[in-house]
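Undergrad: To start, I am sharing the structure in question, which I have written as C-alpha cells.
The values are calculated or read from the model by the stated rules, or taken from the named source; none is laboratory data. Remember, predicted model here, so these are calculated numbers, not experimental data. In this analysis, Cβ positions are derived from the backbone assuming ideal geometry, glycine residues included, and neighbour counts consider all displayed protein chains.
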Amino acid sequence: MLLLIFGLNTPALFSQVTSQDIDDIVARAMDDFTVAGVAVAVVKDGKITHQKGYGIQSIATDKKVTENTNFGIASNSKAFTTASLAILVEEGKISWTDKVVQYIPEFKMYNDYVTQNFNIQDLLTHRSGLGLGIGDLMFFPDGSDFTIDDILGSFQYFEPVSAFRTKFDYDNLLYLVAGEVIKRVSGLTWEQFIEARIFEPLSMDHSYASFTYIKDQSKVASPHLNKAQKLSLTDPEQWDPTKINGAAGGIYSNVHDLANWMLVQLNKGKYGADLEQQLFTEASQQEMWKIHTTTEINRNPRYQSHFSGYGLGWNLTDVNGSMVVSHTGGLIGTLSKTMLVPDLNLGIIVLTNTHLDGAGVFSVVTQSLLDKYLGLDDFDWIGRHTKKLNQGASEADAVEAKIWATVAAANTTIIDIKNYAGLYKDLWFGNIEIYEKNQQLWFRSVRSPKLSGPMQFYRANTFVVKWPASGLTDADAFVMFQLDEEGKAQGFKMKGISPAIDFSFDFQDLHPKRINGQ
C-alpha cells in the first residue's frame, strides 16, 4: 500500500502523455484560434517524445508545416545570447559582473553613475531603470538604417522611469549591446558565434542566426495577420546583421532543432550520445536560472506559485512546487513559447506563424500539456484564453472605432496645415519630416521608412497618423503638437491609439523638436 501511494505521487505517473494527446490538444486549439500553422516539440526524460507540424506554412501555397519548418523565434533568441556569454565566462574571457565600458568604452547611459556601474548582467535582466521597450523604434519595424553604433549612443538620451536595478521593465536594446560585447570579446559577430558555438555542436543544422542567411526559404513559415478571423500574409521582419545584430530576437529555427536546445538545457549543459560533451557548466546554468530581477507573481491558485522573476534570458516561477523556466517570443506575424520543467525533466516548445491568435495557441498548448504532466484536472485553457483574447480585441476595436469616428466627424474642420509642416529632430530617433501632400499632412521618418503615412486631424492640436506599411495595422498613432504664441508647431509628442499596440512601438519615448528655420 505504501508503494502504491508513493507511486501515485511521483512525476513518472504523469509522464505518459502520448503524441495522440498532443495532437488532440493542438487540434482543439487550432479550432478555436485562427492560425495558419503550428509546430510542437516535447522532450521528456532525456528523449524527444514528440515533434510535429500542423496547418500550413502559408495561405498562398497551402504547404504543410512539418517538424523541419523554420519560424522566427524572436525573443526566445535571448537565451542563446546568455548561453554565449556563459561560454565566454567559462573561458575566462569575461566575468558576469564586468562593467560594460571595459569592452565598449563609448557605451553611455542616462547618468554617469549608471554608466560606470552597468555590468554585463545588467544588459540581460531588464533592470536598467529605463521604460518598457524603450528605443525599439530603431529596429522595429525593420528596414531602418540605424546601426549598432547608433544604439550604443542612444541610451544617454533616454529618460529613466525607475531607479537603477529596482524595477523590471522589458528591454530589447540592451541585448543588442550584449551581442556587441560578444563580438568585441570573441572576434566573431553574434551571428557567427551562435552558429559556430551553439548550432554546430548541438546539430541544429537547419537553424539560422539571421533571416538573411536563409538561402532556401521553401521551409520557412510565412508570417500572417488575423483580423476578424481572416488571415492575411505580411512581410517577414528581417534585419541586416551588418548593421544590427540579432541578439534580442534574430534566430530562425524549427522544433526538431529546438528539441536539441531544450535537451541541453535540461541536461545541465551536457549533450552528445552519452552526454559526454558540455556546452556550458551546471554552475553557469544555475546563474542563468537564478532570479536577478523580481516580477509580479501569477496568483492563480491552481499552481500555488510563490516566486516569479527574470534570470538571464529566462522567466522563472514555480508551479505546485516545481520550477518552470520559460520565455515567449513575438515578431509581426510570428509567435513562440518555450517551457522547461527541470523537476519533471520536461521541455515544450510551440511555434506559430499568426499574430495575435498564435499567443492563444502557444498558451493553451503549453499550459494544457503542463497540466497533463502534473496530473491536474481540465482547466479549460482554450475557453479561458479565447475569452481573454476576444475581450481584448473587442475593447481595442471599440477604442479605435471611437477615435476614427472622431476623425471622420472633424474632416470639415479648417486648419492651417502650414503651421505644422516642417522638419523635426529627436535626439535618438533622428529627423522626422511633417510635410504637405495633396492638401494633407504626411509623416515621414527619415531613418525608418516604414514609419511614413498620411495624417488626419483629430481635435485641438492633435492628428492621427496611419501607417500603410504591411504589418502595422495596430500601430497607428496620435501626433500631439506643441504650438508657440503664433500658433506655429515647435515640437510634438506621440502615443499609440490602440490598447493592443505592441510595446516595441515606443512612440511615447519620442520628443521631436522643430529644427530652426525648417
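Undergrad: Within the range 267-284, track down each residue that is crowded, with 22+ Cβ neighbours inside 10 Å and either in contact with a Cys (Cβ under 7 Å, 6 or more places away or on another chain) or assigned to a helix (DSSP H, G or I) (or both).
TA: Ser284
Undergrad: Right, here's the next one. Can you find, within the range 221-242, the residue that is surrounded by the most Cβ atoms within 10 Å (Cβ to Cβ) among those that are out of contact with any helix residue (DSSP H, G or I) (no Cβ under 8 Å at 6 or more places or on another chain) and part of a strand (DSSP E or B)?
TA: Keep residues of the range 221-242 that are out of contact with any helix residue (DSSP H, G or I) (no Cβ under 8 Å at 6 or more places or on another chain), which gives 221-225, 227-235, 242.
Retained after the next criterion (residues that are part of a strand (DSSP E or B)): 224-225, 227, 230-233.
On the way: His224: 27, Leu225: 19, Lys227: 14, Lys230: 8, Leu231: 18, Ser232: 13, Leu233: 17.
Among them, the one singled out is His224.
Undergrad: Which condition breaks for Leu130 when tested against (1) surrounded by 22 or more Cβ atoms within 10 Å (Cβ to Cβ); (2) part of a helix (DSSP H, G or I); (3) of a type outside the set (Phe, Trp, Tyr)?
TA: For Leu130, the failing item is (2).
Undergrad: Report yes if Met480 is at negative phi, crowded, with 19+ Cβ neighbours inside 10 Å, not acidic (Asp, Glu) and not assigned by TED's automatic domain parsing to the domain that holds Asp150, otherwise no.
TA: Numbers: at negative phi: yes; crowded, with 19+ Cβ neighbours inside 10 Å: no; not acidic (Asp, Glu): yes; not assigned by TED's automatic domain parsing to the domain that holds Asp150: yes.
So Met480 does not fit the description; no.
Undergrad: Let me ask something additional. Looking for something within 19 Å of Ile291 (Cβ to Cβ), assigned by TED's automatic domain parsing to the domain that holds Ile104, among the small types (Gly, Ala, Ser) and more than 17 Å from the chain's Cα centre (by Cα) - is there at least one such residue anywhere in the range 166-185? Outline the logic, then answer.
TA: Within the range 166-185, the subset within 19 Å of Ile291 (Cβ to Cβ) is 166-171, 174-175, 178.
From what is left, the residues that are assigned by TED's automatic domain parsing to the domain that holds Ile104 are 166-171, 174-175, 178.
From the residues that got through so far, the ones that are among the small types (Gly, Ala, Ser) too are 178.
Add one more test, that the residue is more than 17 Å from the chain's Cα centre (by Cα), and what stays is none.
No - not one qualifying residue is present in the range 166-185.
Undergrad: Which of the residues spanning the range 14-62 are surrounded by 21 or more Cβ atoms within 10 Å (Cβ to Cβ), assigned to a loop (DSSP other than H, G, I, E, B) and not hydrophobic (A, V, I, L, M, F, W, C)?
TA: Gln57
Undergrad: Would you call Leu231 closer than 30 Å to Thr386 by Cα, in contact (Cβ under 8 Å) with a residue 60 or more places away in the chain and more than 21 Å from the chain's Cα centre (by Cα)? Talk me through it step by step, then tell me what you get.
TA: On the way: closer than 30 Å to Thr386 by Cα: yes; in contact (Cβ under 8 Å) with a residue 60 or more places away in the chain: yes; more than 21 Å from the chain's Cα centre (by Cα): yes.
When the stated conditions are applied, Leu231 passes them.
Undergrad: Considering each residue of the range 184-208, count those that are free of Cβ contacts under 8 Å to residues at least 60 places away in the same chain and out of contact with any Lys or Arg (no Cβ under 7 Å at 6 or more places or on another chain), and give that number.
TA: Restricting attention to the range 184-208, the residues satisfying the condition of being free of Cβ contacts under 8 Å to residues at least 60 places away in the same chain are 187-189, 191-192, 195-196, 199-200, 203-205.
Still in the list and also out of contact with any Lys or Arg (no Cβ under 7 Å at 6 or more places or on another chain): 187-188, 191-192, 195-196, 199-200, 203-205.
Number of matching residues: 11.
Undergrad: Quick check, is Leu152 at pLDDT 95 or above, surrounded by 20 or more Cβ atoms within 10 Å (Cβ to Cβ) and hydrophobic (A, V, I, L, M, F, W, C)?
TA: no
Undergrad: Looking only at strands (runs of 3 or more DSSP E) that lie completely in the range 392-447, which have at least 1 residues being among the acidic types (Asp, Glu) and surrounded by 12 or more Cβ atoms within 10 Å (Cβ to Cβ)? Can you show your working first?
TA: Numbers: elements: 422-426, 430-437, 440-445.
Passing ranges, in order: 422-426, 430-437.
Undergrad: Only one of Gly135, Gly143 is buried (at least 19 other Cβ atoms within 10 Å of the Cβ) and assigned by TED's automatic domain parsing to the domain that holds Asp235; which? Step through it out loud before you land on a result.
TA: Numbers: Gly143 fails: buried (at least 19 other Cβ atoms within 10 Å of the Cβ).
Of the residues listed, the single one that is buried (at least 19 other Cβ atoms within 10 Å of the Cβ) and assigned by TED's automatic domain parsing to the domain that holds Asp235 is Gly135.
Undergrad: Quick one: what pairs do we get from the range 251-272, first residue of a type in the set (Phe, Trp, Tyr), second part of a helix (DSSP H, G or I), C-beta under 6 Å, 6+ apart or different chains?
TA: Tyr252/Phe211; Tyr271/Val264
Undergrad: A follow-up question, please. Would you confirm whether or not the range 164-174 contains a residue that is part of a helix (DSSP H, G or I) and over 25 Å from Asn315 (Cβ atoms)? It would help to see each step written out before you state the result.
TA: Within the range 164-174, the subset part of a helix (DSSP H, G or I) is 173-174.
Still in the running and over 25 Å from Asn315 (Cβ atoms): none.
No, because not a single residue in the range 164-174 is part of a helix (DSSP H, G or I) and over 25 Å from Asn315 (Cβ atoms).
Undergrad: Also, I was wondering about something else. Report yes if Gly330 is touching an Asp or Glu at 6+ places or on another chain (Cβ under 8 Å) and either among the hydrophobic types (A, V, I, L, M, F, W, C) or surrounded by 13 or more Cβ atoms within 10 Å (Cβ to Cβ) (or both), otherwise no.
TA: Working: touching an Asp or Glu at 6+ places or on another chain (Cβ under 8 Å): yes; either among the hydrophobic types (A, V, I, L, M, F, W, C) or surrounded by 13 or more Cβ atoms within 10 Å (Cβ to Cβ) (or both): yes.
Spelling it out, Gly330 is indeed touching an Asp or Glu at 6+ places or on another chain (Cβ under 8 Å) and either among the hydrophobic types (A, V, I, L, M, F, W, C) or surrounded by 13 or more Cβ atoms within 10 Å (Cβ to Cβ) (or both).
Undergrad: Within the range 502-518, track down each residue that is part of a loop (DSSP other than H, G, I, E, B) and over 30 Å from Thr334 (Cα atoms).
TA: Selection gives His511, Pro512, Ile515, Asn516, Gly517, Gln518.
To keep it simple, each residue is scored yes or no on (1) at pLDDT 95 or above; (2) within 30 Å of Lys63 (Cα to Cα).
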{"residue": "Tyr170", "(1), (2)": "yes, no"}
{"residue": "Leu174", "(1), (2)": "yes, no"}
{"residue": "Trp190", "(1), (2)": "yes, no"}
{"residue": "Glu200", "(1), (2)": "yes, yes"}
{"residue": "Tyr208", "(1), (2)": "yes, yes"}
{"residue": "Ala221", "(1), (2)": "yes, yes"}
{"residue": "Gln238", "(1), (2)": "no, yes"}
{"residue": "Gly249", "(1), (2)": "yes, yes"}
{"residue": "Ser253", "(1), (2)": "yes, yes"}
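Undergrad: Among the residues of the range 448-471, which ones are at pLDDT 95 or above, outside any strand (DSSP E or B) and crowded, with 17+ Cβ neighbours inside 10 Å?
TA: Ser448, Lys450, Leu451, Asn461, Lys466, Trp467 - these are the residues of the range 448-471 that are at pLDDT 95 or above, outside any strand (DSSP E or B) and crowded, with 17+ Cβ neighbours inside 10 Å.
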